[in-house]
Amino acid sequence: MRMITKGTDSTFPELPGARVTPMTADLSTLLATVTTDAAMQDLDKLDPSASDETNQALRLALIAMTEADRRIRRQQRRIAHLESLSSTDELTGLTNRRGFRTELQRTLASAARHDTGGVIVMIDLDRFKEVNDTHGHSAGDALLIDVAHTLKGWVRESDVVSRLGGDEFAVLMAGADAAESERRLIDLEQLLNGKTIMWRDRALVVHASIGYTEFGAQDSEAELMDRADKRMYAVKAQNRITLNQPSRLSLVAV
């Protein structure tokens, strides 16, 4: 809701030449512009006993404010679209590193306020460079897209799944407890490791190292990401020794 207040030289930029004249300067009218349609309906509510000049000024005000409302809404949609693009990975459609950090900061702030916690999962694809070197980057992209699809199907609705860059993914599981996380991450290992996707009549096999750690109310973003990274790289080192045998997960204590 907006108000036209007293004034003798208020110009409506949307309609050049339209002014509130001294005759209408004493008007103090509330104009509702909740939506464009609602604003235009107000044109039918002008006082028929008022002078033509008064009603014309109000009519012009409504039209100008309606157009301004349209422009504001268009700008808000453009801003929301740009913000979405800036936080989305173009290849997979997942949240990118920037978007993930934003969600993590928000989650940690909430955890500090409410004394809650959760789990961060780090996933790194093993032998991904071999896929690119052997079959080309298009094959690598197909593998990344398939892994992203698998992760989106595995996460809870409230989880945030992200491609941090390259062949590295992360999942933020706010409110998840240790027992639930361990069960679900064993399932994720079984879903990913050894999975075969077909690309141009060629079989591409997924190999992944998965590490995770709990977080609580006192954790900082830097400490948490460092701890999750270390856990994932420890699993990756073990996978290099055991080749294709996925290693069992163990939860890192906070």
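The values are calculated or read from the model by the stated rules, or taken from the named source; none is laboratory data. Predicted model, so just to flag it, every value in this text is computed and none were measured. With ideal geometry, Cβ positions are generated from the backbone for all residues, glycine too; neighbour counts draw on all protein chains shown.
Here are SER181, SER138: which of them is farther than 22 Å from ASP115 by Cα and of a type in the set (Ser, Thr, Tyr)?
On the way: SER181 fails: farther than 22 Å from ASP115 by Cα.
Selected residue: SER138, the only one of SER181, SER138 that is farther than 22 Å from ASP115 by Cα and of a type in the set (Ser, Thr, Tyr).
Scan segment 99-132 for residues that are more than 21 Å from the chain's Cα centre (by Cα) and assigned to a helix (DSSP H, G or I) and jot them down. Don't jump to the end; show me each part of the working.
Within segment 99-132, the subset more than 21 Å from the chain's Cα centre (by Cα) is 112-116, 124-132.
Result: ALA112, ARG113, HIS114, PHE128, LYS129, GLU130, VAL131, ASN132.
Quick one: GLN190 ticks every box in (1) crowded, with 17+ Cβ neighbours inside 10 Å; (2) polar (S, T, N, Q); (3) within 16 Å of VAL235 (Cβ to Cβ) except a single one, so which number is it?
So the condition that GLN190 fails would be (1).
Any residue at all in segment 200-212 that's under 25 Å from ALA112 (Cβ atoms) and touching a residue at least 40 places away in the same chain (Cβ under 8 Å)? Give the steps one after another, and end with the answer.
Filtering segment 200-212 for residues under 25 Å from ALA112 (Cβ atoms) gives 211-212.
When the remaining residues are screened for being touching a residue at least 40 places away in the same chain (Cβ under 8 Å), the result is 211-212.
There is at least one residue in segment 200-212 that is under 25 Å from ALA112 (Cβ atoms) and touching a residue at least 40 places away in the same chain (Cβ under 8 Å).
Please specify each residue of segment 154-187 satisfying the condition of being part of a helix (DSSP H, G or I) and modelled with pLDDT of 95 or more. Spell out how you get there, then give the answer.
As a first pass, look at segment 154-187 and keep what is part of a helix (DSSP H, G or I): 154, 178-187.
Within segment 154-187, just TRP154 meets the criteria.
Within segment 88-136, take every residue that is of a type in the set (Ser, Thr, Tyr) and closer than 30 Å to GLY194 by Cα and give me the one that is surrounded by the fewest Cβ atoms within 10 Å (Cβ to Cβ). Lay out the reasoning, then the answer.
Keep residues of segment 88-136 that are of a type in the set (Ser, Thr, Tyr), which gives 88, 92, 95, 102, 107, 110, 116, 134.
Subsequent filtering for residues that are closer than 30 Å to GLY194 by Cα retains 88, 92, 95, 134.
Numbers: THR88: 17, THR92: 21, THR95: 21, THR134: 12.
Filtering segment 88-136 for residues that are of a type in the set (Ser, Thr, Tyr) and closer than 30 Å to GLY194 by Cα, the one surrounded by the fewest Cβ atoms within 10 Å (Cβ to Cβ) comes out as THR134.
One residue is enough: does segment 87-98 have a residue meeting the conditions part of a helix (DSSP H, G or I) and either at pLDDT 90 or above or not assigned by TED's automatic domain parsing to the domain that holds ALA203 (or both)?
Let us first name the residues in segment 87-98 that are part of a helix (DSSP H, G or I), namely 97-98.
Those still in the list that are either at pLDDT 90 or above or not assigned by TED's automatic domain parsing to the domain that holds ALA203 (or both) too: 97-98.
Scanning segment 87-98 turns up at least one residue that is part of a helix (DSSP H, G or I) and either at pLDDT 90 or above or not assigned by TED's automatic domain parsing to the domain that holds ALA203 (or both).
ARG231: of a type in the set (D, E, K, R) and in contact (Cβ under 8 Å) with a residue 12 or more places away in the chain, yes or no?
Values: of a type in the set (D, E, K, R): yes; in contact (Cβ under 8 Å) with a residue 12 or more places away in the chain: yes.
Yes: the conditions hold for ARG231.
Could you list, in sequence order, the residues of segment 153-176 that are in contact (Cβ under 8 Å) with a residue 40 or more places away in the chain and charged (D, E, K, R)?
Narrowing segment 153-176 to residues in contact (Cβ under 8 Å) with a residue 40 or more places away in the chain: 160-165, 167-176.
Those that are in contact (Cβ under 8 Å) with a residue 40 or more places away in the chain and charged (D, E, K, R): ARG163, ASP167, GLU168.
Against the condition modelled with pLDDT of 80 or more, assigned to a helix (DSSP H, G or I) and surrounded by 10 or more Cβ atoms within 10 Å (Cβ to Cβ), how does ALA68 come out, does it pass? Don't jump to the end; show me each part of the working.
Values: modelled with pLDDT of 80 or more: yes; assigned to a helix (DSSP H, G or I): yes; surrounded by 10 or more Cβ atoms within 10 Å (Cβ to Cβ): yes.
In short, yes.
So is ASN244 modelled with pLDDT under 90, in contact with an Asp or Glu (Cβ under 7 Å, 6 or more places away or on another chain) and either part of a strand (DSSP E or B) or farther than 15 Å from ILE120 by Cβ (or both) or not? First the steps, then the outcome.
Numbers: modelled with pLDDT under 90: yes; in contact with an Asp or Glu (Cβ under 7 Å, 6 or more places away or on another chain): no; either part of a strand (DSSP E or B) or farther than 15 Å from ILE120 by Cβ (or both): yes.
No.
Return the residues of segment 137-167 that are surrounded by 16 or more Cβ atoms within 10 Å (Cβ to Cβ), among the charged types (D, E, K, R) and within 19 Å of ASP187 (Cα to Cα); say none if nothing qualifies.
Answer for segment 137-167, where residues must be surrounded by 16 or more Cβ atoms within 10 Å (Cβ to Cβ), among the charged types (D, E, K, R) and within 19 Å of ASP187 (Cα to Cα): ASP146, ASP159.
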